[in-house]
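Before any comments, here is the structure.
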Amino acid sequence: MKLVSVVGARPQFVKLAPIARASAQAGIDHIIVHTGQHYDALLSDVFFDDLKIPAPDFTLGVGSGTHGRQTGAMLAGLDEVFEDVRPDVVLAYGDTNSTLAAAVSAVKMGIGLAHLEAGLRSFNRRMPEEHNRVLTDHASDLLLAPTLTAVEHLRREGLAEKTEFVGDVMTDVLLEVAQSAASDSAALLDHYAVRPGEYYVATIHRSENTDDPERLTKIVSGLAAAPLPVLLLTHPRLKAKADAFGIDLQQSAVRVHEPAAYPQLVGLAREAKGVITDSGGLQKEAFLLRTPCTTVRTETEWVETVDLGWNTLVADPADLSAALARPAPEPTEATPYGDGHAAESVVDVLQRRFGG
Ligand code: UD1
């Protein structure tokens, strides 16, 4: 079977790692296409290196731009790659513009399309990710759902027959990296000059939070008022918007740092008093590491983290201080995100459906 994975943005590289490994083990001809949506070394190369992902077979180098320009450039590039490779199936990951481009190009060329992380919904149509995931789900031949909540969303949209419940591949990566990162904690915390349980890790990058100067100012003030140091790992979008709006990120409790590589992020999140984020992946990683998470958004796709008490949504950044002061959550043994073997299930299903 010839499988093409299309990735382009940071969280997709994390998801690709276990898929690349499971495909190799199954003897699948796996071709990796990197759209170039993320091109900074700290958002791209370090993930390939640290997670031992084979170098991409094709790199489109589209870079940044408006949604239309960026997605359009990807479509043009992908058409050529798919024409050249003629895969049995294209695998699209998550909810970025690279996901949507992979979906549109594959269906237009009559190539089988599978969507990894299908069925997630925020029901917030102001998010670009929500358009990307809904459109991709409805274009796909196979929907690989990470949670039972996602399975239910797909059923309600009439997509049950195309759905397979496989678990969450991010759990596969997290569990493995968390084990090997265990020994390096002390050096890592020394590097960031913090002590276990006495700091927060924060990431803010979503357009709903970064692109409105008033909201971004309130978020930074909320972080600055935290009772412990806040390691703010700054995505380039946050930095660019803060510079453009004249907002100083380095205020009171906030310590500004570059984005962290994956093993370092896992180590920092595990030892932190709490995580403050608007990232989807990090909410789940915090839960798997049993670090309380505060999510600066009006809703989350990963509702299990909230239902189990380990994640709190903060719609108004003025409520951040109160959220950070809440009591520690009840311990739980729940495993809504699978057992760390989702990638093997994904590869099994792909072979069954597209292996000929
Ligand atoms: C994208 C995804 C988002 C995902 C995030 C992970 C979409 C619509 N959004 O958002 O779902 O959570 O990736 O990080 O696809 N930039 C750089 N260097 C880079 C890449 C981007 O400096 O390597 C800057 C540019 O100023 C760019 C901005 O970041 O305009 C936004 O990048 P873009 O790829 O458009 O979206 P993300 O915000 O990264």
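Any read-out appearing in this document is the output of simple, stated calculations on the displayed coordinates, not a laboratory observation. Predicted model only: the values in this text are computed from it and were never measured. With ideal geometry, Cβ positions are generated from the backbone for all residues, glycine too; neighbour counts draw on all protein chains shown.
With helices as the sole contributors, the chain gives -13500 deg cm²/dmol at 222 nm; each DSSP H run of n ≥ 4 counts as -39500 (n - 2.57), and the sum is divided by every residue. Rounded to the nearest 20 debye, the dipole size of segment 209-356 about its Cα centre is 300 debye, using +1 on the Cβ of Lys and Arg and -1 on the Cβ of Asp and Glu.
When you filter the trypsin sites (Lys or Arg not before Pro) in segment 256-294 for DSSP loop state and at most 12 other Cβ atoms inside 10 Å of their Cβ, you are left with Arg290. Computed over the chain with a Gaussian network model linking Cα atoms closer than 10 Å, the most mobile of Gly63, Gly281, Gly158 is Gly158. Each part reduced to its alpha carbon centroid, segment 290-356 and segment 19-43 end up 24 Å apart.
How big is the shadow of the Cα convex hull of segment 1-110, averaged over all directions, in nm²? The Cα convex hull of segment 1-110, projected and averaged over all directions, gives 6.1 nm². Ordering Val349, Ala322, Leu288 by Cα displacement along the dipole of segment 271-356 toward the positive end leaves Val349 in first place; charges were set at the Cβ atoms of Lys, Arg (+1) and Asp, Glu (-1).
If you filter segment 263-350 for GluC sites (Glu not before Pro), then keep DSSP loop positions with at most 15 other Cβ within 10 Å, what is left? Of the GluC sites (Glu not before Pro), the ones in loops of segment 263-350 whose Cβ has at most 15 other Cβ atoms within 10 Å are Glu299, Glu333.
For the chain, the Cβ-based charge dipole about the Cα centre amounts to some 420 debye (Lys, Arg positive; Asp, Glu negative; other atoms uncharged). Taking amide H atoms as placed 1.01 Å from N in the peptide plane, the amide H of Ala145 lies under 5 Å from those of Ala118, Glu164, Phe165, Val166, each 5 or more residues away in sequence or on another chain. Shape call for segment 47-120 from the C-alpha gyration tensor, a ≥ b ≥ c root eigenvalues: rounded (a/c under 1.5), prolate (a/b greater than b/c) or oblate? Cα axes put segment 47-120 in the rounded bin. Based only on Cα atoms, what Rg/Rh ratio does segment 68-169 have, Rh being taken as Kirkwood's radius? Radius of gyration relative to Kirkwood radius: 0.97. Give the residue list of trypsin sites (Lys or Arg not before Pro) in segment 69-130 that are DSSP loop and have at most 13 other beta-carbon atoms within 10 angstrom. Loop-located and lightly packed - Arg125, Arg126. Remark: segment 266-356 is approximated by an ellipsoid whose semi-axes, taken from the C-alpha gyration tensor as √(5λ), come to 31, 14, 11 Å, largest first.
With Rh defined as the Kirkwood radius, the inverse of the mean 1/r over Cα pairs, the Rg/Rh of segment 65-108 is 0.96.
Here segment 77-214 is assigned +1 on the Cβ of each Lys and Arg and -1 on the Cβ of each Asp and Glu. Its dipole about the Cα centre then comes out at about 360 debye. Specify the residue with the greatest mean-square fluctuation among Gln264, Gln179, Gln70, computed from a Gaussian network of the chain linking alpha-carbon atoms under 10 Å apart. Among Gln264, Gln179, Gln70, the largest mean-square fluctuation in the Gaussian network model of the chain belongs to Gln179.
Approximating the spin labels as points 7 Å out from Cα along Cα→Cβ, the His191-to-Ser321 distance works out to 3.4 nm.
Find out how many positive minus negative residues lie around Ile31, taking Lys and Arg as positive, Asp and Glu as negative, among other residues whose Cβ is under 12 Å from that of Ile31. So the environment of Ile31 carries a net charge of -2. Multiplying the residue separation of Ala55 and Glu80 by 0.36 nm and removing their Cα-Cα distance gives an extension gain of 7.1 nm. Just to be sure I understand the curve: with the Debye formula and one point per C-alpha of segment 112-194, what is log10 I(q)/I(0) at q = 0.15, 0.26 Å⁻¹? Treating every Cα as an identical point scatterer, log10 I(q)/I(0) equals -0.63, -1.21.
What is the angle, in °, between the Cα long axis of helix 262-271 and the longest principal axis of the Cα atoms in the chain? Nearest 10 is fine, range 0 to 90. So the helix axis and the longest Cα principal axis differ by about 40 degrees. Positive end of the dipole of the chain (Cβ unit charges, origin at the Cα centre): among Thr149, Pro331, Pro128, the Cα lying farthest that way belongs to Pro128.
In degrees between 0 and 90, to the nearest 10, how far off the longest principal axis of the chain does helix 10-25 point, with axes built from Cα atoms? In the chain, helix 10-25 runs at an angle near 50 degrees to the longest axis.
In the calculated pair-distance distribution of the chain, the portion above 27 angstrom amounts to 44 percent of the Cα-Cα pairs.
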